[in-house]
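Here the structure comes first, spelled out in structure tokens, and everything after it is commentary.
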Amino acid sequence: MATRIRLQRGGHKGYPIYSIVIADSRSPRDGKFTEKIGLFNPNTNPSTLNLNFDRALYWVEVGAQPSDTVRNILKGEGVYLMKHLHGGVKKGAFDEAEAQKRFEAWKAAKEQKIEATVNEETKAKTEAKSKALEAEKKMNETIAKKVADKKAAVAKAKAEAEAKKAAEEAAKAPKETAEAKPAEAPAQEAAPAKEAAAPAKEAAKPEA
């Protein structure tokens, strides 16, 4: 029987969660399995993995063949590195303590790398958010400037219209005054004539 280490789909539509199982290569994807050694959730960032390291290492060492995806998962968790270190111990290249020390050093370097990646992503998100806020601020300032300019243009047009109207009224008022003055002149000229006729009448009375 060819033993495979593969993923078995679970979860729900649009949100798959995979179990890492040991199964016969002839069984269907979601069929019976020998053992469940982990759970893989690709929907989170970063992906969430819950793996039984010792059992995964056991099955790899006894010859179980993983699928391509599972192989990448196991490599990422150091299962194949530990298998290689165990091979070195069996050959007498170094002891078990040295193998564990090397594995811990690799694991620490990996965790630092992951932490650095997470920090970079967090920093990038913060910068992107700041840029978005700055862009929104500039857009609001542009809109406010346009509104202010529009109000100023309306106020200017209104002031010009009022000034034009006042100028027209001021130009019209002297013209009306000029037209009214000739009508008063005959009355002013008739008054002296009347005053001149009165002494003539008085001079005629003694003669009578």
| Candidate set: the stretch 54-66, residues that are part of a helix (DSSP H, G or I) and open to solvent by less than 50 Å² (accessible area, probe 1.4 Å); chosen: the one farthest from residue 117 (Cα to Cα) | 59
| field | Counted residues, the stretch 90-105 - those being of a type outside the set (Asp, Glu) and under 44 Å from the mean Cα position of the chain (by Cα) | value | 2
| Under the condition of being more than 17 Å from the chain's Cα centre (by Cα) and among the β-branched types (Val, Ile, Thr), which residue from the stretch 106-142 is nearest to residue 78 (Cα to Cα)? | 114
| query | Out of the residues in the stretch 96-121 that are under 16 Å from residue 80 (Cα atoms) and among the aliphatic types (A, V, I, L, M), which is least open to solvent (accessible area, probe 1.4 Å)? | reply | 99
| field | Residues of the stretch 1-48 classified as surrounded by 12 or more Cβ atoms within 10 Å (Cβ to Cβ), assigned to a strand (DSSP E or B), touching a residue at least 12 places away in the same chain (Cβ under 8 Å) and not small (Gly, Ala, Ser), total | value | 19
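The values are calculated or read from the model by the stated rules, or taken from the named source; none is laboratory data. What you are looking at is a predicted structure, and each value in this text was computed from that prediction instead of being measured. Glycine also receives a Cβ, built like all others from the backbone with ideal geometry; neighbour counts cover every protein chain displayed. Protein only, heavy atoms only, side chains kept; ligands, DNA and RNA dropped before computing areas. Shrake-Rupley method; radii C 1.70, N 1.55, O 1.52, S 1.80 Å.
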